[in-house]
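J.: The structure that follows is given in the form of structure tokens.
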Amino acid sequence: MAAQPKALPIEQTSYLEGGGIYGWLTTIDHKRIAIFYGVTAIFLMIFGGSEALLVRTQLMYPNNHFLTAQTYNQFFTMHGLTMIFLVIMPLETGFFGNFFIPLQIGARDVAFPRLNALSYWVFLFGAITLNLGWIWGGLPNGGWFGYANLTERFYAPGLNIDFYDIGLLILGISSVMSALNFFVTIINMRAPGMTFMRMPMFIWSLLVTTILILLAFPALTVGLIFLFMDRYFGTNYYQVIAGATPILWQHLFWIFGHPEVYIMILPAFGMISEVLPVFSQKPLFGYPMMAYSMILIAFLSYGVWGHHMFATGMGPVADSAFSITSMLIAIPTSIKVFSWIATMWGGRLRFTTAYLFAVAFVFQFTIGGLSGIMHASAPVDLEQTDSYIIVAHFHYVLGLGALFAILAAFYYWWPKVTGRMLNETLGKWHFWLSVWSFNATFFPMHFLGELGMPRRIYTYAPNMGWDFWNKWETINAFIIGISFLLFFINIAWSLSSGERASSDPWDGRTLEWMTPTPPPIYNFATVPTVSSRDAFWVMKYGSVEAHGLEGGQAYSPPMAVDISKIHIPGPSLYPVLLGLGLFGMGVGMIIDWYRMVFLGASLMAFCMISMSFEYSSWGEENPHAVGESFLGLDSRKVGIWSFIGSETVFFASLISTYMVYKSRSLGPFDAYILNIPLTSFSTFVLLTSSLTMVLALAGFQRNDQRWGTLWLLATALFGCIFLGGQVYEFGSFWLKEGMLFNSNLFSQCFYTLVGFHGFHVFIGVVWLIVMAIAGMAGKIDSKRSLAVELAGLYWHFVDIVWVVIFTLIYLMRTVKGA
């Protein structure tokens, strides 16, 4: 356990102070992790912006040869990937989410601090993997959407798509871990009295965003796994010649891709909903409808992915259904726009830089939203798809939308993060240059689209009516770069010479402004009790509707606290090492060096097991934390249930692919090759293991370590018998029947689905053996039975999934082609 710090004045316990390089490297403080995300994302923003300027330079003149076609493809692909996965998402959730979720809900930390640190290091190594092509092999070059079958080895033989595939798989792991952590934090760790209808709107936006990530990313993961298998193991998930269809990739990608749009824009909605009330000195208008509209947006976002596929020929029924849902989603979005306008109407407006960017966001996003409604009409979309109108649309929604909201949040929350103010004069220059240059760059793209200019072309002939607008857009794109240069200068000036900020420089409404600036390592000396919406505003002025004071300082935080009585989790090196192990596995697969893959996997296994027992309190349920939680549950239980929900979507995507492809499979193999008697016995054994798992938990709960350990070993043994049956079945298919992994669609879907379930069983067996060893060492008793309970929940989930797989694959066999 880390040594407990001494009692210090608050101003000497800032999260920025102490620890040195090693302290920052091993930190699990959510605020320092946020700084990591912010610095990394801003650095990568320079890369993404530079890639965009290179693309615009190529398009400045007709018949330009500044870039080759392949280099152009790499730069426009990396621009999209960088801005989506490495800039906007990590800034919104990684930086602002990490820093302000605990502060806004009145918590001292996130639910899983070490998982939080791990999510950053995995993100960093994923970003490095995606960018390895700068120095070796070439950058990804298939567009951020990676449409099949252009990503197959035949069409893309180099390493470019390998960096794309494995880089996104690693980044997806980071996103899911981060979302799981934030979801549990918001659900279970809010301050006393902070009901859902008292949460800040930024917290609402992140809650909905985390749900979208947990339920959307598994579909992308499955699509990337199929691509990986096609490229490395010779399967044919996207090859028409094998009976498959490249449209499968589009379905899996856009089932993720359209929720991804809202994963990027919902946090922006939340940021704007925090900035506008503060600088209007009014409560947010229509708070309940704003919250409900976010939920409705999330729900509808899963029913609109097909409008990205109108040009693929889905048919009139599917086109009509997706058109209707795409139009419906405009309703909850419009509610937000009207609520923001109503919030400003009649307010005592303060035209700070943060406020200006927030107002510009409302205006720019409305333009992008109106053009988006057009694309809900299939006939209109067929004309406009893959033209520069689409480029204009998504840059208005996400470039001028999410990015303007992020800039508003920077100017608003920067004093709380750093303790210093940004320069308002430089900020306003940044704002006006940004507004002009963004609109001057992207609005003419609507004209180019109507004039017939397609997306993703690297050059064009003269005298097609495109010359002037392309030159105009390129000039203004460089002005965008100048505007961001002013932003970076402002940041540097603030850190070196900026005016020191008070704890509440804007007369804020939410709990983060109640803490010292910068916040102490423990956030709150005393966890606040919330009695209404805009909790800090009410503490200062007595009611939500009070007008407030200009820069009001009616509330003063305590000047000292004995932090030895506050639990502060100790640092950990394991997240860094675990991320490094995952990176090693990824690079090893790219270069076909399986020794490196094995070493990376071994390092990951060592770190995961070591992290499980790192703190002396492992496996213990904290009655105090459970008593304070809104669900009355330990956060680890909420976490495992959230993980199970995400994994359910993963298996649903695999099972759906099998159900679609089993009737399209060509070749001699189908479900009638399966060994029903053997698998029935294995199924019985696996289901029996659920009973022994229950007995193991009961044994430890009554402090019977001997029988608890024996039942754990019995469960692990049954799992090994099940795995042995699968290995025997796979071997007989392979050696006796000649059914290889890539023989036909049935074989690859069968091996993939059953194999991934087997991998989950293997993970469970390792988990149970580790628990059994701890039990034999006398380390598990009734106080630590939570560790066994969590393993049991995972094990029961694996068993239930197998029941579904066994029923659909083995018991519901159909004749090929039926």
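The values are calculated or read from the model by the stated rules, or taken from the named source; none is laboratory data. The structure displayed is predicted, hence computed values, not measured ones. Cβ coordinates were reconstructed from backbone atoms using ideal geometry, including for glycine residues, and neighbour counts include every protein chain displayed. Just so you know, the surface numbers come from the protein's heavy atoms only, side chains and all, with ligands and any DNA or RNA stripped out. Shrake-Rupley method; radii C 1.70, N 1.55, O 1.52, S 1.80 Å.
J.: When a/c is below 1.5 the answer is rounded, else prolate if a/b is larger than b/c, else oblate, so apply that to segment 80-184 with a ≥ b ≥ c taken from the square roots of the Cα gyration tensor eigenvalues. Working shown, then result.
T.: Numbers: a/c = 2.88, a/b = 2.75, b/c = 1.05.
Prolate is the answer for segment 80-184, as a/c is 1.5 or above and a/b outweighs b/c.
J.: Same structure again: How far apart, in nm, are the 7 Å Cα→Cβ label points at Phe299 and Ser782?
T.: Going from the Phe299 label point to the Ser782 one covers 4.5 nm.
J.: I've got another one for you. Dipole magnitude of the chain about its Cα centre, charges +1 at Lys/Arg Cβ and -1 at Asp/Glu Cβ only, in debye to the nearest 20?
T.: Its charge dipole is roughly 580 debye.
J.: Ok, one more. Rounded, prolate or oblate for segment 569-706? Axes are the square roots of the Cα gyration tensor eigenvalues, ordered a ≥ b ≥ c, and the cut-off for rounded is a/c under 1.5.
T.: Because a/c hits 1.5 or more and a/b fails to exceed b/c, segment 569-706 counts as oblate.
J.: Here's a follow-up. Hey, if you put +1 on the Cβ of every Lys and Arg and -1 on every Asp and Glu Cβ in the chain, which of Phe443, Gly419, Ser656 ends up farthest toward the positive end of that dipole?
T.: It is Gly419.
J.: Quick check for me: using +1 on Lys/Arg Cβ and -1 on Asp/Glu Cβ, what's the dipole size of segment 692-818 about its Cα centre, in debye to the nearest 20?
T.: Numbers: 8 positive and 6 negative charges, 18 e Å.
Computed about the Cα centre, the dipole is about 80 debye.
J.: Now for a separate question. Taking a point 7 angstrom from the Cα of Thr688 along the C-beta vector, which residues in segment 694-720 have backbone N less than 15 Å away?
T.: From segment 694-720, the list is 694-695, 711-720.
J.: Mind listing the long-range amide H neighbours of Ser387? Cut-off is under 5 Å, sequence gap 5 or more, other chains count too, H placed in the peptide plane at 1.01 Å from N.
T.: Those qualifying (amide H under 5 Å, at least 5 residues apart or on another chain) are Arg455.
J.: Determine the share of the chain's accessible area contributed by carbon and sulfur atoms, expressed in whole percent, with a 1.4 angstrom probe.
T.: Numbers: 21940 of 30870 Å².
So the carbon and sulfur contribution to the accessible surface is 71 percent.
J.: Per residue, how much accessible area does the chain have with a 1.4 Å probe, in Å²?
T.: Solvent-accessible surface per residue comes out at 38 Å².
J.: Going from most exposed to least, what order do His547, His395 have by accessible area with a 1.4 Å probe?
T.: His547, His395
J.: Label-point separation (nm) for Trp618 and Tyr22, each offset 7 Å from Cα along Cα-to-Cβ?
T.: In this crude label model, Trp618 to Tyr22 measures out at 2.2 nm.
J.: Among [x] 31.2; [y] 29.0; [z] 28.3, which one is Kirkwood radius over Cα pairs in Å computed from these coordinates?
T.: Label [z] holds the value from this structure.
J.: Once the piece of chain linking Leu573 and Leu485 is laid out straight, how much longer is it, given 0.36 nm per residue of separation minus the C-alpha distance between them?
T.: 28.1 nm
J.: In Å, the Kirkwood hydrodynamic radius of segment 232-339 over pairs of distinct alpha carbons?
T.: In segment 232-339 this quantity evaluates to 16.2 Å.
J.: Arrange the peptides 121-132, 139-150, 64-75 so that the one whose residues have, on average, the most other Cβ atoms within 10 Å appears first.
T.: Per-residue mean Cβ counts within 10 Å order the peptides as 121-132, 139-150, 64-75.
J.: Val110's amide H: which non-local residues (gap 5+, or another chain) put their own amide H closer than 5 Å, with H modeled 1.01 Å from N in plane and none for Pro or chain starts?
T.: Here the answer is His30, since their amide H atoms fall under 5 Å of that of Val110.
J.: Oh, and also: Using a 1.4 angstrom probe on the protein heavy atoms only, line up Glu545, Glu51 by accessible area, largest first.
T.: Glu545, Glu51
J.: A further question follows. What whole-number distance in Å separates the alpha-carbon centres of segment 799-814 and segment 427-494?
T.: Between the Cα centres of segment 799-814 and segment 427-494 lies a distance of 54 Å.
J.: From the phi of every residue in segment 715-726, what ³J(HN,Hα) in whole Hz does the Karplus formula 6.51 cos²θ - 1.76 cosθ + 1.60 yield, where θ is phi - 60° and glycine or proline is x?
T.: 4, 4, 5, 4, x, 5, 4, 4, 5, x, x, 5
J.: Let me ask something else. Once phi is turned into ³J(HN,Hα) by the Karplus curve 6.51 cos²θ - 1.76 cosθ + 1.60 with θ = phi - 60°, what whole-Hz value does each residue of segment 361-368 show in order, with x for glycine and proline?
T.: Couplings: 4, 4, 5, 5, 5, 4, 4, x Hz.
J.: Here's a follow-up. Under a plain spin-label model, where a point goes 7 Å from the Cα along Cα-to-Cβ, how far apart in nm are Ile373 and Leu349?
T.: Placing both labels 7 Å along Cα→Cβ, they lie 2.3 nm apart.
J.: Take segment 752-818, compute every pairwise Cα distance, and split them into 10 Å bins from 0; I just need the percent in each bin.
T.: Going out from 0 Å in 10 Å bins, segment 752-818 shows 18, 38, 23, 14, 6, 2 percent.
J.: As a quick test, which of the pairs Lys428/Lys540; Lys282/Lys416; Lys31/Lys282; Lys31/Lys336; Lys336/Lys637 have an alpha carbon distance above 27 angstrom in this structure? Walk me through the numbers before you get to the answer.
T.: Numbers: Lys428/Lys540 30 Å; Lys282/Lys416 21 Å; Lys31/Lys282 29 Å; Lys31/Lys336 29 Å; Lys336/Lys637 34 Å.
Long pairs (Cα-Cα over 27 Å): Lys428/Lys540; Lys31/Lys282; Lys31/Lys336; Lys336/Lys637.
J.: Please give the solvent-accessible surface of Phe488 in Å², to the nearest 10, using a probe radius of 1.4 Å with every protein chain present.
T.: Solvent-accessible area, nearest 10 Å²: 60 Å².
J.: Can you work out ³J(HN,Hα) from phi for every residue in segment 639-647, in order, using Karplus 6.51 cos²θ - 1.76 cosθ + 1.60 and θ = phi - 60°, giving whole Hz and x for Gly and Pro?
T.: x, 5, 5, 5, 4, 4, x, 5, 5
J.: Next question, about the same structure. Sorted by packing (mean other beta-carbon atoms within 10 Å per residue), highest first, where do 307-317, 192-202 land?
T.: Order by mean packing, descending: 192-202, 307-317.
J.: Suppose the chain between Tyr594 and Ala69 were pulled fully straight at 0.36 nm per residue; how much longer would it get relative to their current alpha carbon spacing?
T.: That works out to 185.6 nm of additional length.
J.: Starting from the amide H of Arg420, placed 1.01 Å from N in the peptide plane, find each other amide H under 5 Å away whose residue is 5 or more places distant or on another chain.
T.: It is Ala501, by chain and number.
J.: Let me ask another. Below 20 Å, Cα to Cα, which aspartates and glutamates can Lys736 reach? Residues fewer than 8 away in the same chain don't count.
T.: Answer for Lys736, where 20 Å is the Cα cut-off: Asp670, listed by chain and number.
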